[in-house]
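To start, the structure under review is shown below, and the notes come after it.
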Amino acid sequence: MGETGVIHFLRTGDAVTHAVAWLLLAMSIASWCFLLVKGWMLTRARRQAPRAVAAFWQAPTLRDGVSAMRSKDAERVFTPLAEAALHSLEADVPGALLQRVERGDRVMRSLRHALQRSQRRLEFGQVLLASIGSTAPFVGLLGTVWGIYHALGSIASSGQASIDSVAGPVGETLIMTAFGLVVAIPAVIAYNILGRLVRQLGEDLDGFARDLHAFACAPSDAVAVKGVATGTTGIAAAAGTAGAGEAAPSLARAASVRSEI
């Protein structure tokens, strides 16, 4: 009986066999590298989110809130939304072209764009994991089929059809299917775990955007904008002057923003 084994199969394989093996190796390295980097980023962002949002709302002014959030949100997931709210309120200058646009619409547009950018950053690379998880088994199967084809051709040319001569070469080719599964299974598991973290952060972003919109469009906007420009009136003061009687309109506006952001 001739020499058999994975090393023997790879050493005696042709260009297609080697290409499939290298492709599976590249897919495995890419998925594991992305899994580790993306997992670290999302876990860190998830851990920093409560502290960053709390630091923002505890700041005396909107500008100070943005600065506090920048120091807490190292991954810059929530900071773009706060910056968008600040810039939209600072643009409320008499005589400017943006003055012709309703403040609520202007803030809504800025928050929507910032929210989309943050969500795209969170979802970056998920397509790679999904692609590897769905295609790696078929890439391995391609290597198996190709190897069986050549193994049977070699057996036919040698004129030996015994079990020993067939089982060895055919069994070697099945390792390519196993390689494909080894590459695909971690990618699929990582896609599901990271996807759950992305959804959780997306929900937090959506809630923070609604809160920012309700704050920017509150009846005390003039006081809040003054605080943005001079630093003398803070977020807490603007929220306090809204009063209990204005809580219901703010909640109604926040509910209407849910489907728009």
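Placing pseudo-labels 7 Å out from each Cα toward the beta carbon at A156 and W40 gives an inter-label distance of 5.3 nm. Each of R199 and L25 was given a label point 7 Å from its Cα along the Cα-to-Cβ line. The distance between the two points is 3.7 nm. Residue-wise HN-Hα couplings along region 120-129, as the Karplus relation 6.51 cos²θ - 1.76 cosθ + 1.60 with θ = phi - 60° gives them from phi, are 5, 5, 5, 8, 4, x, 5, 5, 4, 5 Hz; Gly and Pro carry x.
Run the numbers for L141 and Q126: contour at 0.36 nm per residue of separation, minus the present Cα-Cα distance, in nm. Walk me through the numbers before you get to the answer.
Numbers: separation 15, 0.36 × 15 = 5.40 nm, distance 2.37 nm.
Full extension from L141 to Q126 adds 3.0 nm.
Distance between the modelled labels on D105 and A54, one decimal in nanometres: 4.0 nm (7 Å Cα→Cβ projection).
Taking θ as phi - 60° and the Karplus parameters 6.51, -1.76 and 1.60, the scalar couplings of region 18-29 work out to 5, 5, 5, 5, 5, 5, 5, 5, 5, 5, 5, 5 Hz in sequence order, x denoting glycine and proline.
Quote to one decimal, in nm, the extra length available between D14 and A74 on full extension: 0.36 nm per residue of separation minus the C-alpha distance between them. Could you put the intermediate results ahead of the total?
Details: separation 60, 0.36 × 60 = 21.60 nm, distance 4.91 nm.
Contour length minus the Cα-Cα distance gives 16.7 nm.
Any read-out appearing in this document is the output of simple, stated calculations on the displayed coordinates, not a laboratory observation. It should be emphasised that the depicted structure is a prediction, and the values quoted were computed from it without experimental measurement. Every residue, glycine among them, receives a Cβ derived from its backbone with ideal geometry; neighbour counts consider all protein chains shown.
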